[in-house]
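The values are calculated or read from the model by the stated rules, or taken from the named source; none is laboratory data. Just so you know, these numbers come straight off a predicted model, no measurement behind them. Backbone-built Cβ (ideal geometry, glycine too); neighbour counts: all protein chains shown. To get the accessible areas, we keep the full protein, side chains included, count just its heavy atoms, and leave off ligands, DNA and RNA. Shrake-Rupley method; radii C 1.70, N 1.55, O 1.52, S 1.80 Å.
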Protein chains: 2
Amino acid sequence: MISAELLGFIAGALATSSTIPQLVRIFRLKSAYEISTAFTILLLSGISLWLVYGLYLSLTPVIIWNAIGAGCVATLLFAKLKYGRKP
Amino acid sequence: MISAELLGFIAGALATSSTIPQLVRIFRLKSAYEISTAFTILLLSGISLWLVYGLYLSLTPVIIWNAIGAGCVATLLFAKLKYGRKP
């Protein structure tokens with residue numbers, strides 16, 4: 001049996017690191033036309049609230065990964081605003 | 001003060017529902033060229049592990065939203081496989 005905390009760390013590492021190849025792809029293609037603005041804004045809001053939830057319940061992996069994730073998704077929103085127009 | 005559980009429900013509702021406009025956009029454009037395959041696979045793995053984490057710690061909002069989220073991201077992966085080629 002592995003601890004819940006370790007599981008949370010692996011889960012968060014996977015979910016948060018998923019944004020990295022997506023960011024790389026957008027910045028490489030210099031196009032984010034297919035990315036939905038609503039997707040990035042809703043996801044950023046949700047991740048920010050998960051961060052508050054983690055702080056409420058002192059869930060270390062929830063806090064760490066959602067803090068990093070918020071930064072990654074904010075970068076995705078920036079990329080959408082920069083490269084979102086029809087190519 | 002609102003309860004942590006209510007906060008978790010709102011956080012999850014926002015984060016999970018974010019995939020809906022992204023799915024709508026991909027299926028409407030019939031193109032997922034800009035979506036990273038690694039993004040969808042890593043996110044699906046991460047969400048699935050968050051679900052297990054929620055089950056370990058009996059965190060109701062974590063369980064519910066990650067179960068629904070896994071379905072949404074699996075659909076995104078399907079869309080990427082279907083519409084991922086260069087338009």
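General remarks:
- Helices (runs of 4 or more DSSP H) contained entirely in chain B, each with at least 3 residues that are under 14 Å from the mean Cα position of the chain (by Cα) and closer than 19 Å to A:TRP65 by Cα: B:4-17, B:37-57, B:60-83
- Residue in region A:12-29 that is modelled with pLDDT of 95 or more and more than 9 Å from chain B (Cβ to nearest Cβ) present: yes
- Region A:53-80: number of residues that are of a type outside the set (Gly, Ala, Ser) and either under 12 Å from A:ILE20 (Cα atoms) or in contact with a Ser or Thr (Cβ under 6 Å, 6 or more places away or on another chain) (or both): 8
- Region A:1-23 residues that are open to solvent by less than 50 Å² (accessible area, probe 1.4 Å), paired with ones that are part of a loop (DSSP other than H, G, I, E, B) (beta carbon under 8 Å, 6 or more apart): A:GLY8/A:LEU59; A:PRO21/B:SER36; A:GLN22/B:ILE35; A:GLN22/B:SER36
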